[in-house]
Amino acid sequence: MKIKTITCHDVYNLGASLQAYALMEYLQSLGHNVEIIDYKPDYLNNHYSLSLVSNPKFDVPLVRQLYLLAKLPERIIALKSQRKKNFDDFRNRYLLLTQRYESYSELEKRPPIADIYFAGSDQIWNTLFQNGKDPAFYLKFTPSSSIRASYAASFATDEILEDWKPKIKEWLSELDYISVRESSGAKIVRQLGLNAVQVLDPVFLLDAKEWELLCQPMDQKYIFIYDFDANPEIRKMAEALSLNTGLPIYTLQNLGYGVKAFPDVGPLEFLSLVHGAEYVLSNSFHATAFSIIFEKEFWVTSRKEKINTRMRDLAISLDVSERFINKVADMNLSRIDYDKVQYRMKRQIQESKRYIDLVISGGKSYD
(Lines give C-alpha, C1' and ligand atoms only; values in the text may rest on other atoms or scores of the structure.)
Protein backbone atom coordinates (compact mmCIF):
# COMPACT_ATOMS: atom_id res chain seq x y z
CA MET A 1 0.00 0.00 0.00
CA LYS A 2 0.99 3.63 -0.41
CA ILE A 3 1.61 5.13 3.04
CA LYS A 4 2.53 8.69 4.00
CA THR A 5 3.63 9.74 7.48
CA ILE A 6 3.77 13.24 8.91
CA THR A 7 5.82 14.32 11.92
CA CYS A 8 8.40 16.91 12.93
CA HIS A 9 11.09 15.06 11.02
CA ASP A 10 13.57 17.80 10.12
CA VAL A 11 13.93 20.14 13.09
CA TYR A 12 17.56 19.38 14.02
CA ASN A 13 16.42 17.34 17.00
CA LEU A 14 17.96 13.92 17.60
CA GLY A 15 14.85 12.11 18.79
CA ALA A 16 12.64 13.68 16.12
CA SER A 17 14.91 12.46 13.33
CA LEU A 18 15.26 8.94 14.73
CA GLN A 19 11.56 8.35 15.43
CA ALA A 20 10.68 9.55 11.92
CA TYR A 21 13.20 7.10 10.47
CA ALA A 22 12.00 4.22 12.67
CA LEU A 23 8.32 4.43 11.68
CA MET A 24 9.21 4.79 8.01
CA GLU A 25 11.67 1.88 8.18
CA TYR A 26 9.27 -0.43 9.99
CA LEU A 27 6.40 0.25 7.58
CA GLN A 28 8.75 -0.36 4.67
CA SER A 29 9.80 -3.67 6.21
CA LEU A 30 6.16 -4.75 5.91
CA GLY A 31 6.43 -4.29 2.15
CA HIS A 32 4.69 -0.93 1.75
CA ASN A 33 5.64 2.15 -0.27
CA VAL A 34 6.37 4.72 2.43
CA GLU A 35 7.30 8.40 2.37
CA ILE A 36 7.51 11.09 5.03
CA ILE A 37 5.61 14.25 4.10
CA ASP A 38 8.21 17.01 3.88
CA TYR A 39 6.12 19.56 5.73
CA LYS A 40 8.18 22.60 6.74
CA PRO A 41 6.04 25.64 7.63
CA ASP A 42 7.78 28.77 8.86
CA TYR A 43 7.69 27.77 12.52
CA LEU A 44 9.50 24.49 11.73
CA ASN A 45 11.90 26.07 9.26
CA ASN A 46 13.69 28.70 11.31
CA HIS A 47 16.63 26.63 12.45
CA TYR A 48 19.84 28.26 11.25
CA SER A 49 17.78 31.14 9.86
CA LEU A 50 19.62 34.40 9.17
CA SER A 51 16.40 36.43 9.56
CA LEU A 52 14.90 34.93 12.73
CA VAL A 53 14.22 37.26 15.67
CA SER A 54 13.46 34.88 18.51
CA ASN A 55 12.70 37.53 21.14
CA PRO A 56 9.63 39.71 20.35
CA LYS A 57 11.09 42.74 22.13
CA PHE A 58 13.77 42.95 19.43
CA ASP A 59 11.27 42.54 16.58
CA VAL A 60 10.65 46.26 16.02
CA PRO A 61 11.97 48.62 13.31
CA LEU A 62 15.68 49.48 13.53
CA VAL A 63 16.18 47.29 16.61
CA ARG A 64 15.40 44.26 14.43
CA GLN A 65 18.09 45.25 11.91
CA LEU A 66 20.68 45.84 14.64
CA TYR A 67 19.78 42.52 16.29
CA LEU A 68 20.15 40.59 13.03
CA LEU A 69 23.45 42.32 12.26
CA ALA A 70 24.83 41.40 15.67
CA LYS A 71 23.71 37.76 15.25
CA LEU A 72 24.95 37.42 11.66
CA PRO A 73 28.54 36.18 12.29
CA GLU A 74 27.55 33.36 14.65
CA ARG A 75 24.64 32.34 12.40
CA ILE A 76 26.89 32.12 9.35
CA ILE A 77 29.21 29.88 11.37
CA ALA A 78 26.23 27.75 12.45
CA LEU A 79 25.08 27.35 8.85
CA LYS A 80 28.46 25.78 8.06
CA SER A 81 28.62 23.75 11.29
CA GLN A 82 29.33 20.06 11.50
CA ARG A 83 26.13 19.60 13.50
CA LYS A 84 23.98 20.92 10.66
CA LYS A 85 25.91 18.79 8.17
CA ASN A 86 25.40 15.64 10.27
CA PHE A 87 21.64 16.21 10.44
CA ASP A 88 21.38 17.09 6.75
CA ASP A 89 23.39 14.01 5.80
CA PHE A 90 21.09 11.80 7.88
CA ARG A 91 17.97 13.32 6.29
CA ASN A 92 19.33 13.01 2.76
CA ARG A 93 20.61 9.47 3.21
CA TYR A 94 17.97 7.82 5.38
CA LEU A 95 14.64 9.65 5.11
CA LEU A 96 12.42 9.13 2.07
CA LEU A 97 10.56 12.40 1.59
CA THR A 98 7.77 13.76 -0.56
CA GLN A 99 8.04 17.12 -2.24
CA ARG A 100 8.43 20.08 0.12
CA TYR A 101 5.32 21.78 1.55
CA GLU A 102 6.02 25.16 3.13
CA SER A 103 2.54 25.99 4.45
CA TYR A 104 -0.66 24.28 5.52
CA SER A 105 -2.58 25.90 2.67
CA GLU A 106 -0.13 24.41 0.19
CA LEU A 107 -0.49 20.99 1.79
CA GLU A 108 -4.28 21.27 1.78
CA LYS A 109 -4.44 22.29 -1.88
CA ARG A 110 -2.12 19.57 -3.20
CA PRO A 111 -1.90 16.77 -0.61
CA PRO A 112 0.36 13.82 -1.40
CA ILE A 113 -1.76 10.83 -2.38
CA ALA A 114 -1.78 7.76 -0.15
CA ASP A 115 -3.96 4.84 0.90
CA ILE A 116 -3.03 5.39 4.56
CA TYR A 117 -1.77 8.42 6.46
CA PHE A 118 -0.02 8.16 9.82
CA ALA A 119 0.46 11.21 12.04
CA GLY A 120 3.28 10.73 14.51
CA SER A 121 5.21 10.17 16.51
CA ASP A 122 6.88 12.52 19.01
CA GLN A 123 5.39 15.75 20.41
CA ILE A 124 3.18 16.53 17.42
CA TRP A 125 0.14 17.28 19.64
CA ASN A 126 1.93 19.35 22.28
CA THR A 127 -0.24 22.49 22.47
CA LEU A 128 2.58 24.39 24.19
CA PHE A 129 4.21 24.39 20.73
CA GLN A 130 2.82 25.59 17.41
CA ASN A 131 2.76 22.10 15.90
CA GLY A 132 0.19 21.03 18.53
CA LYS A 133 -2.18 23.67 17.11
CA ASP A 134 -1.52 22.86 13.46
CA PRO A 135 -4.29 20.93 11.62
CA ALA A 136 -1.62 19.25 9.49
CA PHE A 137 -0.60 17.03 12.42
CA TYR A 138 -4.21 15.93 12.84
CA LEU A 139 -4.37 14.94 9.13
CA LYS A 140 -7.01 17.55 8.25
CA PHE A 141 -5.56 17.86 4.74
CA THR A 142 -6.15 14.22 3.80
CA PRO A 143 -9.04 12.93 1.63
CA SER A 144 -11.83 11.24 3.57
CA SER A 145 -11.53 8.18 1.35
CA SER A 146 -8.12 7.35 2.87
CA ILE A 147 -7.39 5.72 6.20
CA ARG A 148 -6.26 8.31 8.75
CA ALA A 149 -4.44 7.23 11.90
CA SER A 150 -2.00 8.46 14.49
CA TYR A 151 0.92 6.39 15.72
CA ALA A 152 2.38 7.10 19.17
CA ALA A 153 1.43 10.76 19.01
CA SER A 154 2.46 12.66 22.12
CA PHE A 155 0.88 15.60 23.96
CA ALA A 156 4.07 15.57 26.12
CA THR A 157 2.15 17.09 29.05
CA ASP A 158 -0.52 15.90 31.46
CA GLU A 159 -3.04 18.43 30.14
CA ILE A 160 -3.61 20.39 26.95
CA LEU A 161 -4.43 24.08 26.83
CA GLU A 162 -8.05 24.58 27.92
CA ASP A 163 -8.87 26.94 25.05
CA TRP A 164 -7.76 24.32 22.55
CA LYS A 165 -9.74 21.35 23.88
CA PRO A 166 -12.82 21.83 21.64
CA LYS A 167 -10.71 22.16 18.47
CA ILE A 168 -8.45 19.23 19.37
CA LYS A 169 -11.51 17.08 20.06
CA GLU A 170 -12.99 18.04 16.70
CA TRP A 171 -9.80 17.18 14.84
CA LEU A 172 -9.17 13.91 16.69
CA SER A 173 -12.74 12.75 16.13
CA GLU A 174 -12.12 12.75 12.39
CA LEU A 175 -9.29 10.21 12.64
CA ASP A 176 -10.12 6.57 11.95
CA TYR A 177 -7.65 5.33 14.56
CA ILE A 178 -5.94 7.07 17.46
CA SER A 179 -2.84 5.83 19.24
CA VAL A 180 -0.71 7.76 21.68
CA ARG A 181 2.65 7.18 23.30
CA GLU A 182 1.89 7.84 26.96
CA SER A 183 -0.82 6.73 29.38
CA SER A 184 -1.26 10.43 30.16
CA GLY A 185 -2.01 10.97 26.46
CA ALA A 186 -4.63 8.21 26.49
CA LYS A 187 -6.20 9.91 29.51
CA ILE A 188 -6.38 13.25 27.66
CA VAL A 189 -8.11 11.58 24.71
CA ARG A 190 -10.60 9.86 27.05
CA GLN A 191 -11.35 13.20 28.74
CA LEU A 192 -12.25 14.51 25.29
CA GLY A 193 -14.77 11.67 24.96
CA LEU A 194 -12.71 9.59 22.53
CA ASN A 195 -10.70 6.36 22.68
CA ALA A 196 -6.99 5.82 22.10
CA VAL A 197 -4.62 2.86 22.10
CA GLN A 198 -1.32 3.30 23.92
CA VAL A 199 1.69 2.15 21.88
CA LEU A 200 5.45 2.44 22.12
CA ASP A 201 7.54 5.11 20.44
CA PRO A 202 8.52 4.07 16.88
CA VAL A 203 12.17 3.57 17.88
CA PHE A 204 11.06 0.38 19.66
CA LEU A 205 9.66 -1.05 16.41
CA LEU A 206 13.26 -1.75 15.34
CA ASP A 207 15.34 -4.08 17.49
CA ALA A 208 18.83 -3.47 18.89
CA LYS A 209 20.53 -5.33 16.04
CA GLU A 210 18.84 -3.11 13.46
CA TRP A 211 19.94 0.04 15.29
CA GLU A 212 23.45 -1.30 15.81
CA LEU A 213 23.91 -1.39 12.03
CA LEU A 214 23.90 2.42 12.18
CA CYS A 215 26.41 2.68 15.07
CA GLN A 216 30.16 3.24 15.01
CA PRO A 217 32.45 1.78 17.72
CA MET A 218 33.67 4.17 20.42
CA ASP A 219 37.23 4.39 21.70
CA GLN A 220 36.70 3.47 25.39
CA LYS A 221 34.12 2.87 28.12
CA TYR A 222 32.49 6.00 29.56
CA ILE A 223 29.52 7.62 31.27
CA PHE A 224 27.31 9.52 28.81
CA ILE A 225 25.44 12.68 29.84
CA TYR A 226 22.61 14.25 27.81
CA ASP A 227 21.32 17.20 29.85
CA PHE A 228 19.15 19.93 28.32
CA ASP A 229 19.08 22.03 31.49
CA ALA A 230 22.66 21.89 32.82
CA ASN A 231 21.05 20.28 35.88
CA PRO A 232 23.45 20.44 38.88
CA GLU A 233 21.99 17.19 40.24
CA ILE A 234 22.91 15.35 37.04
CA ARG A 235 26.45 16.67 37.41
CA LYS A 236 26.58 15.39 41.01
CA MET A 237 25.31 11.99 39.84
CA ALA A 238 27.84 11.84 37.02
CA GLU A 239 30.79 12.82 39.20
CA ALA A 240 29.77 10.38 41.94
CA LEU A 241 29.40 7.59 39.38
CA SER A 242 32.74 8.46 37.79
CA LEU A 243 34.44 8.37 41.20
CA ASN A 244 32.81 5.02 41.96
CA THR A 245 33.60 3.35 38.61
CA GLY A 246 36.73 5.15 37.44
CA LEU A 247 35.07 5.86 34.10
CA PRO A 248 35.41 9.19 32.27
CA ILE A 249 32.41 11.44 31.62
CA TYR A 250 31.34 12.25 28.06
CA THR A 251 28.72 14.99 27.61
CA LEU A 252 26.61 15.80 24.58
CA GLN A 253 26.44 19.52 25.34
CA ASN A 254 29.28 21.73 26.54
CA LEU A 255 28.38 21.54 30.24
CA GLY A 256 31.69 22.59 31.77
CA TYR A 257 32.65 19.17 33.10
CA GLY A 258 33.67 15.79 31.73
CA VAL A 259 36.60 14.87 29.53
CA LYS A 260 34.83 15.13 26.15
CA ALA A 261 31.82 17.01 24.77
CA PHE A 262 30.05 16.25 21.49
CA PRO A 263 27.86 19.29 20.67
CA ASP A 264 28.04 18.74 16.92
CA VAL A 265 26.64 15.21 16.76
CA GLY A 266 23.79 14.21 14.47
CA PRO A 267 21.42 11.23 14.85
CA LEU A 268 23.95 8.55 13.92
CA GLU A 269 26.65 9.90 16.22
CA PHE A 270 24.14 10.15 19.06
CA LEU A 271 23.16 6.51 18.57
CA SER A 272 26.84 5.54 18.73
CA LEU A 273 27.35 7.50 21.96
CA VAL A 274 24.46 5.75 23.71
CA HIS A 275 25.45 2.36 22.30
CA GLY A 276 29.06 2.72 23.45
CA ALA A 277 28.28 3.97 26.97
CA GLU A 278 28.42 1.93 30.16
CA TYR A 279 26.05 4.33 31.92
CA VAL A 280 23.64 7.01 30.65
CA LEU A 281 22.37 9.98 32.68
CA SER A 282 19.87 12.24 30.94
CA ASN A 283 16.64 14.20 30.93
CA SER A 284 15.94 13.06 27.38
CA PHE A 285 13.17 10.68 26.35
CA HIS A 286 15.08 9.22 23.42
CA ALA A 287 18.32 8.87 25.38
CA THR A 288 16.23 6.84 27.82
CA ALA A 289 14.58 4.83 25.03
CA PHE A 290 17.87 3.89 23.38
CA SER A 291 19.44 3.13 26.76
CA ILE A 292 16.69 0.53 27.19
CA ILE A 293 17.01 -0.81 23.65
CA PHE A 294 20.80 -1.21 24.09
CA GLU A 295 20.35 -2.49 27.69
CA LYS A 296 22.40 0.21 29.36
CA GLU A 297 22.45 1.18 33.02
CA PHE A 298 20.64 4.54 33.03
CA TRP A 299 18.98 7.20 35.15
CA VAL A 300 16.61 9.90 33.96
CA THR A 301 15.58 13.16 35.64
CA SER A 302 12.83 15.73 35.15
CA ARG A 303 13.10 18.62 32.70
CA LYS A 304 12.49 22.25 33.67
CA GLU A 305 9.85 22.37 30.93
CA LYS A 306 6.63 20.52 31.69
CA ILE A 307 7.32 17.69 29.26
CA ASN A 308 8.26 14.92 31.67
CA THR A 309 5.33 12.56 31.11
CA ARG A 310 7.22 10.84 28.28
CA MET A 311 10.11 9.64 30.45
CA ARG A 312 7.98 8.95 33.50
CA ASP A 313 5.38 6.86 31.66
CA LEU A 314 8.02 4.87 29.78
CA ALA A 315 9.83 4.03 33.02
CA ILE A 316 6.57 2.97 34.70
CA SER A 317 5.41 0.89 31.74
CA LEU A 318 8.65 -1.13 31.74
CA ASP A 319 8.78 -1.37 35.54
CA VAL A 320 11.98 0.64 35.93
CA SER A 321 10.43 3.66 37.66
CA GLU A 322 13.24 3.60 40.24
CA ARG A 323 15.50 4.95 37.48
CA PHE A 324 13.43 8.15 37.30
CA ILE A 325 15.10 10.25 39.98
CA ASN A 326 15.76 13.91 40.72
CA LYS A 327 18.60 13.94 43.23
CA VAL A 328 21.84 12.08 43.72
CA ALA A 329 20.67 10.60 47.05
CA ASP A 330 18.03 8.58 45.15
CA MET A 331 20.57 6.99 42.80
CA ASN A 332 20.39 3.21 43.00
CA LEU A 333 23.56 1.48 41.74
CA SER A 334 21.96 -1.98 41.49
CA ARG A 335 21.84 -3.29 37.95
CA ILE A 336 18.65 -3.28 35.88
CA ASP A 337 17.01 -6.67 35.41
CA TYR A 338 16.83 -6.55 31.63
CA ASP A 339 15.27 -10.01 31.39
CA LYS A 340 12.23 -8.54 33.15
CA VAL A 341 12.36 -5.34 31.07
CA GLN A 342 12.62 -7.29 27.81
CA TYR A 343 9.64 -9.45 28.77
CA ARG A 344 7.45 -6.39 29.35
CA MET A 345 8.84 -4.56 26.33
CA LYS A 346 8.32 -7.52 24.00
CA ARG A 347 4.62 -7.64 24.86
CA GLN A 348 4.24 -3.90 24.30
CA ILE A 349 6.09 -4.06 20.99
CA GLN A 350 3.77 -6.86 19.88
CA GLU A 351 0.73 -4.74 20.81
CA SER A 352 2.19 -1.74 18.97
CA LYS A 353 2.75 -3.79 15.83
CA ARG A 354 -0.71 -5.29 16.18
CA TYR A 355 -2.17 -1.78 16.15
CA ILE A 356 -0.31 -0.97 12.92
CA ASP A 357 -1.59 -4.22 11.40
CA LEU A 358 -5.13 -3.22 12.37
CA VAL A 359 -4.80 0.17 10.67
CA ILE A 360 -3.33 -1.30 7.51
CA SER A 361 -6.00 -4.00 7.28
CA GLY A 362 -8.76 -1.43 7.86
CA GLY A 363 -10.06 -3.40 10.84
CA LYS A 364 -12.95 -1.95 12.79
CA SER A 365 -11.99 -2.86 16.35
CA TYR A 366 -9.08 -3.50 18.65
CA ASP A 367 -10.12 -6.57 20.64
message: With loop defined by DSSP as not H, G, I, E or B, and exposure as at most 15 other Cβ atoms within 10 Å, which is the longest segment of the chain clear of exposed GluC sites (Glu not before Pro)?
response: 175-277
query: How much of the accessible area of the chain, probe 1.4 Å, is carbon plus sulfur, in whole percent?
result: 50
- prompt: Quick one: length gained pulling ASP264 to LYS167 fully straight, 0.36 nm per residue minus the C-alpha distance?
  reply: 31.0 nm
message: Just want the answer: with Cβ charges of +1 for Lys and Arg and -1 for Asp and Glu, which residue in PHE129, GLN191, THR7 is farthest toward the dipole's positive end in the chain?
response: PHE129
query: Which FRET efficiency value, to the nearest 0.05, do you get for LYS221 and LEU333 by plugging their Cβ-Cβ distance into 1/(1 + (r/R0)^6) with R0 = 22 Å?
result: 0.85
- request: Return a whole-number percent for the relative contact order of segment 278-329, with Cα pairs under 8 Å and 6 or more residues apart as the contact set.
  value: 33
- prompt: Which pairs, out of LYS169/LYS346; LYS187/LYS346; LYS167/LYS187; LYS40/LYS165; LYS209/LYS346; LYS4/LYS165, put more than 21 Å between their alpha-carbon atoms?
  reply: LYS169/LYS346; LYS187/LYS346; LYS40/LYS165; LYS4/LYS165
- request: Report the one residue of ALA238, GLY256, LEU206 whose Cα lies farthest in the direction of the positive end of the charge dipole of the chain (charges on C-beta: Lys and Arg +1, Asp and Glu -1; origin at the Cα centre).
  value: GLY256
Rounded Å value of the spacing that divides the Cα centres of segment 314-330 and segment 116-177: 29
message: Distance between the C-alpha centers of segment 24-40 and segment 255-277? Whole Å please.
response: 28
query: Given 0.36 nm per residue, what is the gain on full extension from ALA240 to GLU322 after removing their alpha carbon distance, in nm?
result: 27.7 nm
message: Can you give me the accessible area per residue for the chain, using a 1.4 Å probe, in Å²?
response: 45
Helical contribution to [θ] at 222 nm, DSSP H n ≥ 4, -39,500 (n - 2.57), averaged over the chain, rounded to 500: -12000 deg cm²/dmol
- prompt: So what J values fall out for segment 202-215 if you push phi through Karplus, 6.51 cos²θ - 1.76 cosθ + 1.60 with θ = phi - 60°, rounded to Hz, Gly and Pro as x?
  reply: x, 4, 7, 6, 9, 8, 4, 5, 5, 5, 5, 4, 9, 8
- line: To the nearest 20 debye, segment 174-282 has a Cα-centred charge dipole, built from +1 on Lys and Arg Cβ and -1 on Asp and Glu Cβ, of 300
field: Ellipsoid equivalent to the chain - semi-axes via the Cα gyration tensor, in Å
entry: 32, 27, 20
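Can you give the alpha-carbon Rg of segment 120-261 over 2.2 N^0.38 Å, where N counts its residues? Each step should come with its number before you reach the end.
Numbers: Rg = 20.2 Å, N = 142, 2.2 N^0.38 = 14.5 Å.
With N residues counted in segment 120-261, Rg over 2.2 N^0.38 Å equals 1.40.
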- prompt: What's the local net charge at LYS236, with K and R +1, D and E -1, over the other residues with C-beta under 13 Å away?
  reply: -2
query: Quick one: putting +1 on the C-beta of Lys and Arg, -1 on the C-beta of Asp and Glu, what dipole do you get for the chain around its Cα centre, in Debye to the nearest 20?
result: 460
- request: In whole Hz, with x marking every Gly and Pro, tabulate ³J(HN,Hα) for segment 126-135 from phi via Karplus 6.51 cos²θ - 1.76 cosθ + 1.60, θ = phi - 60°.
  value: 6, 6, 6, 10, 5, 5, x, 10, 9, x
task: Tell me the label-point distance for the pair PHE228, GLU351, using the 7 Å Cα-to-Cβ offset, in nm and rounded to one decimal.
output: 2.6
message: Apply the Karplus curve 6.51 cos²θ - 1.76 cosθ + 1.60, θ = phi - 60°, to the phi angles in segment 254-260 and return the couplings in whole Hz, x for Gly and Pro.
response: 7, 9, x, 8, x, 8, 9
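The values are calculated or read from the model by the stated rules, or taken from the named source; none is laboratory data. Source: prediction; values computed, not measured. When we count neighbours, we look across all protein chains shown, and the Cβ atoms used for this are built from the backbone with ideal geometry, even at glycine. Side chains included, ligands, DNA and RNA excluded: accessible areas come from the protein's heavy atoms. Shrake-Rupley method; radii C 1.70, N 1.55, O 1.52, S 1.80 Å.
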